[in-house]
Amino acid sequence: MKTTLLGAPIDTLTMKESVEKIAGFIKSGQPHRVLTLNPEFLYQAQFEPELMELARRAALVTPDGIGIVWACRMAGRRGVVRVTGIDLMLSLVHRAAREGWRVYLLGAAPGVAEEAAGRLRQDYPGLQVAGTHHGYFSDEEAAGVAEMVRQNQPQLIFVALGAPKQEQWIDRYLEQTGASVAVGVGGSFDVIAGKVRRAPQWLQRLHLEWLARLLREPSRWRRQLVLPRFVWMVIKRYRL
Ligand code: UDP
């Protein structure tokens, strides 16, 4: 099922259904973009049509976090659940190990993608990691990176460059890589490699993971200042 929130399409699927849908994309062999949509991206997209276009061109848009789920509720869309980037990545890796999909990890600081790949291989025996590459390359180098990815022939690429850089890279280069699916996963490699700790389960259950992150990484304050504006935008559009 699909719904629309502030002009952006959102797939209202569970985690299991999202993974199933992506499995279909991989079987098709055709390129598909997956966007894990957070409030910052959706807010920015109201002022930058280019970002809204990225959301419209995605084959699957998941509600990345409680902010989007809450906004869907305010807009009267029922039954929308969280499908966050990190959880989606782990569910896909689990499936990839079973199905033999070749995965590629692109992004994060030098060394982090390799470390994350090592942990994933340990946790999901049989996982085929086609390759890894860090995410600190210039615009001039971006096409060369895509070519390097292509040579490793992955089917599924996880791109961790932060939003919207990762979505822009995917938009521009997915076809060139020859992969069937690319998913933007933000800071997930840092978490998997153990560089950044995720909030404890009980905080996640209370939907307060964002708060834990904010306290741990105070530099996010500026970025999260957009959240109250997002809340107000949603209330104005759907409730007033
Ligand atoms: N990153 C990168 N290249 C860049 C900028 C950032 O690879 O030019 C990485 C960064 O190291 C981190 C991730 O992208 O691993 C962004 O993490 P963040 O938590 O900010 O993701 P977001 O919340 O934006 O999805």
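The values are calculated or read from the model by the stated rules, or taken from the named source; none is laboratory data. On a predicted model such as this, the values are computed, not experimentally measured, just so you know. Cβ placement follows ideal geometry from the backbone for every residue including glycine, while neighbour counts extend to all protein chains displayed.
Numerical summary
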read-out	value
Checking E140 against (1) closer than 18 Å to P39 by Cα; (2) acidic (D, E); (3) exposed (fewer than 14 other Cβ atoms within 10 Å of the Cβ), the condition it does not meet	(1)
Helices (runs of 4 or more DSSP H) contained in the range 117-220 and holding at least 3 residues away from the ligand (no atom under 14 Å from the Cβ)	142-151, 165-177, 201-205
So Y104, is it aromatic (F, W, Y) and within 24 Å of R197 (Cβ to Cβ)	no
One residue from A193, A212, A179 being surrounded by 15 or more Cβ atoms within 10 Å (Cβ to Cβ), touching a Pro at 6+ places or on another chain (Cβ under 9 Å) and more than 23 Å from Y43 (Cβ to Cβ)	A179
Test: residue in the range 98-108 that is over 21 Å from S180 (Cα atoms) and within 13 Å of the ligand (Cβ to nearest atom)	yes
Residue within the range 38-59 that is surrounded by 14 or more Cβ atoms within 10 Å (Cβ to Cβ) and assigned to a strand (DSSP E or B) present	no
Qualifying positions in the range 143-163 - loosely packed, with under 13 Cβ neighbours inside 10 Å and within 22 Å of R220 (Cβ to Cβ)	none
Yes/no for A75 being over 16 Å from the mean Cα position of the chain (by Cα), over 23 Å from Q204 (Cα atoms) and surrounded by fewer than 20 Cβ atoms within 10 Å (Cβ to Cβ)	yes
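A quick yes/no check of all residues on (1) touching a residue at least 12 places away in the same chain (Cβ under 8 Å); (2) among the hydrophobic types (A, V, I, L, M, F, W, C):
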| position | (1), (2) |
| --- | --- |
| Q30 | yes, no |
| R33 | yes, no |
| E48 | no, no |
| G79 | yes, no |
| V83 | yes, yes |
| D87 | yes, no |
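To keep it simple, each residue is scored yes or no on (1) away from the ligand (no atom under 16 Å from the Cβ); (2) under 19 Å from G65 (Cβ atoms); (3) at pLDDT below 95.
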| position | (1), (2), (3) |
| --- | --- |
| L6 | yes, yes, no |
| D11 | yes, yes, no |
| E17 | yes, yes, no |
| K21 | yes, no, no |
| G24 | yes, no, no |
| T36 | no, yes, no |
| F41 | no, yes, no |
| E48 | no, no, no |
| E53 | yes, no, no |
